[in-house]
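Here the structure is laid out as structure tokens; the discussion comes afterwards.
The values are calculated or read from the model by the stated rules, or taken from the named source; none is laboratory data. In this text the structure is predicted, and so the values were computed from the model without any measurement. Positions of Cβ are backbone-derived with ideal geometry, glycine not excepted, and every protein chain shown enters the neighbour counts. Just the protein is used for accessible areas: all its heavy atoms, side chains included, with ligands, DNA and RNA removed. Shrake-Rupley method; radii C 1.70, N 1.55, O 1.52, S 1.80 Å.
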Amino acid sequence: MNKAPMYARATISSSIFVLVCSSALAANGPPPPAVSQPGGINLGNTSFYDGFAGPPGLNHNIYLQHRRATSFLDNDGNDNKVFDNPEFSATTLVNQLTYYSPKTIGGGGHLGWSIILPIVSLDADFGAEGPQLKDNGTSFGDISLGPMVQFDPIVDAQGRPTFVQRLALDVSLPLGEYDETKDFNPGSNFYSINPYWAATWMPAERWEMSWRLHYLYNFKNSDPASSTHQLFNGDPVRDTQAGQAAWSNFAASYEVIPNVSVGLNGYYFKQLEDDKVNGQRLENSREEVLGIGPGLLWKSTKGLWLWFNAYHETEVENRAKNDFLVQARLAYSF
């Protein structure tokens with residue numbers, strides 16, 4: 001890792017609350033159950049030089065993100081007319097500690113770990129007509145942690161790194177604030193498993209392309225949250241389970257001047273199966289979203305790294321559409 005050209009942030013499975021609507025609400029009668037993907041998934045948190053995990057030892061990453069949504073989209077990608085003038089915002093401050101050993105195992109890998117603790121502030125507001133959904137204010141979100149293997153960079157004949165990668169297995173623990181009488185909570189109240197592969201390819205001087213491929217499996221939520229009494233096929237809602245999903249974060253940048261890179265970053269999320277309520281499939285509940293936008297990376301001579309990223313969402317189905325998402329990230333080693 002000493003030959004790596006820069007510090008790059010380590011693993012994160014995320015720490016941002018994602019507001020979702022699992023299916024189109026009925027125009028008449030009570031809404032069907034809302035089943036959410038966990039708020040801790042990494043949609044766009046990682047971008048440039050993601051295959052690197054900083055120098056061996058202990059590293060600290062700080063993230064600050066704000067997102068705002070004013071529409072809920074249904075299974076066809078159209079505005080859900082049941083909501084009257086909806087507005088939802090989430091601001092998240094995340095602290096992440098990562099460590100990997102300077103000692104190598106077979107193939108140049110280094111064993112390590114990551115732990116993430118988010119603080120989430122939610123604010124939901126709706127017009128006079130339609131459902132009045134409630135938020136749970138500001139508190140701790142779910143903790144994510146897990147092992148990783150960071151590989152040494154592959155270098156060319158001139159000693160320049162050309163490719164570097166990392167494998168990780170993150171687990172989200174339902175330890176965040178959760179109130180079953182609120183619709184939007186910092187915590188999700190169920191376990192999730194999220195393995196991923198992150199890599200960076202540097203085809204030429206100053207150029208890099210990075211990606212992170214995720215898979216997500218969610219366990220059952222035995223105490224679904226709602227501010228109203230919900231029924232499914234005439235029975236009370238006893239449990240819910242968000243469907244399995246896969247997604248990718250992707251980025252490409254160019255170093256325009258020494259220590260400053262600019263480029264594009266994005267994410268594409270696709271739910272692979274419908275959600276379940278009381279063990280039965282909730283039809284047309286698969287989420288989808290594509291986010292893309294500009295980004296900037298600045299490196300200090302003292303080893304500090306600072307990212308700025310912005311995203312605009314499109315191709316949205318069965319979830320809230322963020323009008324904008326902006327974030328800043330700081331990384332340094334101890």
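Quick notes on this one:
Residue-wise test of (1) surrounded by 18 or more Cβ atoms within 10 Å (Cβ to Cβ); (2) farther than 30 Å from D235 by Cα; (3) within 17 Å of the chain's Cα centre (by Cα).
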| position | (1), (2), (3) |
| --- | --- |
| L282 | yes, no, no |
| V289 | yes, yes, yes |
| L297 | yes, yes, no |
| L306 | no, yes, no |
| A310 | no, yes, yes |
| E313 | yes, yes, yes |
| N322 | yes, yes, yes |
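- Subset of segment 251-270 that is open to solvent by 70 Å² or more (accessible area, probe 1.4 Å) and outside any loop (DSSP other than H, G, I, E, B) - its residue that is farthest from V289 (Cα to Cα): I257
- Subset of segment 160-183 [among the β-branched types (V, I, T), over 13 Å from S114 (Cα atoms) and open to solvent by 40 Å² or more (accessible area, probe 1.4 Å)]: T181
- All positions within segment 192-225 that are part of a loop (DSSP other than H, G, I, E, B) and on the phi < 0 side of the Ramachandran plot: M202, P203, A204, E205, F219, K220, S222, D223, P224, A225
- For T181, the requirement of being out of contact with any Phe, Trp or Tyr (no Cβ under 6 Å at 6 or more places or on another chain), hydroxyl-bearing (S, T, Y) and assigned to a strand (DSSP E or B) is not met.
- Residue within segment 72-87 that is charged (D, E, K, R) and at pLDDT 85 or above present: yes
- Selected residue (criterion: surrounded by the fewest Cβ atoms within 10 Å (Cβ to Cβ)) from residues of segment 78-103 that are charged (D, E, K, R) and more than 15 Å from R67 (Cα to Cα): K103
- Residue in segment 142-152 that is outside any strand (DSSP E or B), farther than 29 Å from Q241 by Cα and acidic (D, E) present: yes
- Top-ranked residue of segment 144-159 - restricted to ones that are within 22 Å of the chain's Cα centre (by Cα) and under 28 Å from A204 (Cα atoms), ranked as surrounded by the fewest Cβ atoms within 10 Å (Cβ to Cβ): V149
- Of everything in segment 184-208 that is aromatic (F, W, Y) and surrounded by fewer than 18 Cβ atoms within 10 Å (Cβ to Cβ), the residue that is farthest from A242 (Cα to Cα) is W207.
- Residues in segment 104-136 that are under 14 Å from T92 (Cα atoms) and surrounded by fewer than 16 Cβ atoms within 10 Å (Cβ to Cβ): D123 only.
Here's the yes/no breakdown for (1) at pLDDT 95 or above; (2) of a type in the set (G, A, S):
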| residue | (1), (2) |
| --- | --- |
| S227 | no, yes |
| S248 | yes, yes |
| A252 | yes, yes |
| Y267 | yes, no |
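- Within segment 209-225, tally of residues that are within 16 Å of A34 (Cα to Cα), among the small types (G, A, S) and either surrounded by 18 or more Cβ atoms within 10 Å (Cβ to Cβ) or in contact with a Cys (Cβ under 8 Å, 6 or more places away or on another chain) (or both): 1
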